[in-house]
Amino acid sequence: IVASSRLRVSHLGRFLGNMAHSRAMKLALVSGVLVALGLMTSMASPSAFAISNPSHGVIWGASPGMSDRRQPNSGNSTSMRSVVASMVVVAGFVMAGIAWRPSARIERCIVKATRTEQPEDAEAVAMRTMSTMASAVLLAGSLPDNVEAYPIFAQQNYKDPREATGKLACANCHLASKQIDVRLPHEVLPDTIFKTYIDIPCKYEKRKQPLASGEKGALNVGAIAVMPEGWKLAPKDRLPKPIKKEMKGLAWAPYSKEHPEIVVAGPVPGSKYSRMTLPVLVPDPSKDPNNPFGKYSFFYGGNRGRGQVYPEGNNSNNNQYFAKGDGTVTAIDGLKVTIQKADGSSSVVECGAGADIVVEVGEVVTNGEPITTNPNVGGFGQEEKELVLQDMNRLYAYCAIGTSIFFSQLAFVLKKKQFEKVQLAEGF
């Protein structure tokens, strides 16, 4: 019986050893894949494991439908890729360490030939680690490649988006001019919420713009509202349901921590948000002495489509290109148009991605003549509105004065009629 028991224990030990060896091989293979994936991700991201450029900050929350891609390095997505790459590499080495542990643990169990409580199974640890890393990778993949787009450009480069002349910073990159329509109440009461409608009209179903890749895409819209100090975006917990329904999920955000009275929105799909609803909380003069009753000015801006100039000064591909001198078109190599001048020199015009060249080889052009179509179908517009913060005591006083004047005039008229009757009775 003792010999039979020893034989069974020996077979059981070999079986557990084989299982541990195969499990260790699987974990080692998975760890190698994770390490390779992490290293490839870090190499693909130029700023992985490094501090990102502060000039390209994180946008407050990338809105859906963003089609404006940008060539410079991204901020938020690059940082996320770096974090994910670090997590993948660490997870790979952790799993590699786990792969060496099961064999030693099983050997101890075989030598002692006693049943003891073991730590958490290595396969369960590996599965949980894989699920965590898969969630992180999905999170990073769901972020846009480049989240930098208007109005983040203005937030990064202008402390105050409104210049002394009244011009908004958005007009520095969006050179075309398009009208917007802003509607808001004429008078509001303290500590109330009113809504402002910002209409950005355009034929969004028909108009298309060139993206950074050269493909045609739908137009996005964005808006900015510059309010007086003390006026701010209405909190979500005080928004009535009708206003929430009108907003259609549109997210407004403060321009900066120093200017909560300036709010921005976008870029969002123009086909859905051609009319933007902005809820504003009115300050209470009894609590905020810096906002007395009276008239206030508001400044609004609305844009549709991509801009023509980046903050660095380089042009986007949403531009029309012109000849740089008088001469003859001698070659068209993709997006490069070569023009030979009369003195024998040549000038090359490099067009942006997606440009439609309208000249042909052998055609004579003059200086400043367009050689491509104008792809820009959007533009920026701004309006100034005034609003009165009204005091109810003033309304009560106005009603009292108006009522007293009405009864006074009525009394005068009745007295005149009575006087006329007396005169008629006396024969005058």
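The values are calculated or read from the model by the stated rules, or taken from the named source; none is laboratory data. On a predicted model such as this, the values are computed, not experimentally measured, just so you know. A quick note on method: Cβ atoms are made from the backbone with ideal geometry, for glycine too, and the neighbour counts reach across all protein chains shown. Quick note on the areas: whole protein, heavy atoms, side chains included, nothing else; ligands and nucleic acids left out. Shrake-Rupley method; radii C 1.70, N 1.55, O 1.52, S 1.80 Å.
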Taking into account only those residues within segment 220-234 that are touching a strand residue (DSSP E or B) at 6+ places or on another chain (Cβ under 7 Å) and part of a loop (DSSP other than H, G, I, E, B), which is farthest from residue 254 (Cα to Cα)?
228
Pair list, Cβ < 9 Å and 6+ apart or interchain, from segment 188-201 residues that are without any contact (Cβ under 8 Å) to a residue 60 or more places away in the chain to residues that are open to solvent by less than 50 Å² (accessible area, probe 1.4 Å):
none
All conditions in (1) in a helix (DSSP H, G or I); (2) in contact with a Gly (Cβ under 7 Å, 6 or more places away or on another chain) are true of residue 353 except (1)
Given the condition free of Cβ contacts under 8 Å to residues at least 24 places away in the same chain and among the acidic types (Asp, Glu), answer yes or no: does some residue in segment 332-342 qualify?
yes
Of all residues making up segment 208-243, the number that are surrounded by 12 or more Cβ atoms within 10 Å (Cβ to Cβ), under 29 Å from residue 256 (Cβ atoms) and basic (Lys, Arg)
2
Qualifying residue in segment 368-377 (condition: surrounded by fewer than 15 Cβ atoms within 10 Å (Cβ to Cβ), β-branched (Val, Ile, Thr) and assigned to a loop (DSSP other than H, G, I, E, B))
yes
Which numbered condition residue 246 misses (of (1) acidic (Asp, Glu); (2) in contact (Cβ under 8 Å) with a residue 12 or more places away in the chain; (3) closer than 20 Å to residue 189 by Cα)
(3)
Please go through segment 180-218 and pick out each residue that is at pLDDT 95 or above and touching a Gly at 6+ places or on another chain (Cβ under 6 Å).
180, 198, 200
